[in-house]
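The values are calculated or read from the model by the stated rules, or taken from the named source; none is laboratory data. Not measured: the values here are computed from a predicted model. Here the Cβ is made from the backbone with ideal geometry for all residues, glycine too, and neighbour counts use every protein chain on show.
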Amino acid sequence: MRLRRAYSLLLVVVLWEALGRSGWVEPVFLPPLTGVLASLFGLLQSGELLGHIRISMLRAFLGFAAAVAVGVPLGLLMGWSRPVERFFDPLISLIYPIPKVAFIPLLIIWLGIGDASKVGVIFLATVFPLLINTYAGVKGTDRYMIWSALSMGATRRELLLRVVLPHTLPAIFTGLRISMALAWALLFVAEMVGASRGLGFLILFSERMLRTDAVFAGILTIAAFGFTFDRLIRWIGGRVCLWHARTGIEAL
C-alpha cells in the first residue's frame, strides 16, 4: 500500500516536471517543479519564507488551541448534561452551516485588521468539528459499560473520567485531525485579507507579481505543514488510543 502511494506521488512529480519543461504549458501557468523548488530554497535562504512561516504558525496554533480549549470541554458537557445540550444545540445548528469566511468582515470590524481577526476566523472554523466529534463520542459511549460502572458504585465523576472520556478519545482525535486541516485551509483565506505577513499574503503577493513559482512554493509549504501535523496527531492518537482496536483516527 505504501509503495503504491509512493508510485502515485512519483507519477505526479514526473508529469509536473515534464509538462513544465515541454513548452506545451507556459511557465506562468505551470512552472516546472525544479523551478518551484529553486524558488522555495531562495525564499528560505533570504529568510523571507521563515518570517512568513512563523507568523502563520502563530496564527494557526492560537486559533486551533482556542478551539481545543472550548470545543472539547463543551462537547463533553453537551454529551453529558441534557440541559447544556438543549441550550447549545440550537445555537450550533444555526451557526455551523454558515461558511466561516462570511464572518471575516464582522471579525475585522470587531477585532481590527490585525492578527486577532485572523485567529478568530481560524477559531470559528476549527471549534465546530472538535465540539461535534466530542459530543458524538460521548453520546456513542456503550450504555452497557455505563450501566455496569453504575452497578459497581461508580460516581458521576468516576463515570465521566474512567468510562466516558476514554471511549470518547478516538472521536476527539478525529476532530483534532479535521480541525488542524481546516486551520491551515482557513489560514490562507484569512491572510489574504488585510495582511502584510504570512503564507497567505506571500501567495497573494506572488500572484500579483505573476511569480507562479513562488505561488506554488507557498502552496507546497502549507501542504507540507498540514501533512506533517496531521500525521503527528494521528501518531499521538494511535499511542493514546492504543487500547482501541480501530479508531476513527486510523479510518480517516
(request) Note down all Cβ pairs under 8 Å where the first residue falls in region 158-173 and is over 14 Å from SER148 (Cα atoms), the second is among the charged types (D, E, K, R) and surrounded by fewer than 17 Cβ atoms within 10 Å (Cβ to Cβ), and they're at least six residues apart or on different chains. (result) HIS167/ASP142
(message) With the structure loaded, tell me whether LEU169 is over 26 Å from GLY238 (Cβ atoms), surrounded by 17 or more Cβ atoms within 10 Å (Cβ to Cβ) and among the aliphatic types (A, V, I, L, M) or whether it fails that test.
(response) no
(request) Within region 137-146, track down each residue that is free of Cβ contacts under 8 Å to residues at least 60 places away in the same chain and not β-branched (Val, Ile, Thr). (result) GLY140, ASP142, ARG143, TYR144, MET145
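In this structure, does PHE229 turn out to be more than 24 Å from LEU176 (Cβ to Cβ), crowded, with 17+ Cβ neighbours inside 10 Å and not acidic (Asp, Glu)?
No: the conditions fail for PHE229.
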(request) State all residues of region 43-72 that are surrounded by fewer than 19 Cβ atoms within 10 Å (Cβ to Cβ), of a type outside the set (A, V, I, L, M) and in contact with a Leu (Cβ under 9 Å, 6 or more places away or on another chain); if no residue qualifies, say none. (result) GLU48
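Rundown of residues vs (1) in contact with a Phe, Trp or Tyr (Cβ under 6 Å, 6 or more places away or on another chain); (2) in contact (Cβ under 8 Å) with a residue 24 or more places away in the chain; (3) among the charged types (D, E, K, R); (4) under 28 Å from ILE233 (Cα atoms), yes/no style:
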residue	(1), (2), (3), (4)
ARG59	no, yes, yes, yes
VAL72	no, yes, no, yes
PRO90	no, no, no, no
ALA102	no, no, no, no
TRP110	no, no, no, no
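What's the total number of residues in region 20-35 that are part of a helix (DSSP H, G or I) and either in contact (Cβ under 8 Å) with a residue 12 or more places away in the chain or of a type in the set (S, T, N, Q) (or both)?
Qualifying residue count, region 20-35: 5.
For residues that are assigned to a helix (DSSP H, G or I), of a type outside the set (Phe, Trp, Tyr) and out of contact with any Phe, Trp or Tyr (no Cβ under 9 Å at 6 or more places or on another chain), scanning just region 185-203, find the one that is surrounded by the most Cβ atoms within 10 Å (Cβ to Cβ).
ALA190
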(request) Can you work out which of the residues in region 158-211 that are over 24 Å from VAL36 (Cβ atoms) and of a type in the set (D, E, K, R) is modelled with the highest pLDDT? (result) ARG177
(request) Return the only residue of ALA38, ALA6, ALA66 being without any contact (Cβ under 8 Å) to a residue 24 or more places away in the chain and either within 26 Å of the chain's Cα centre (by Cα) or part of a helix (DSSP H, G or I) (or both). (result) ALA6
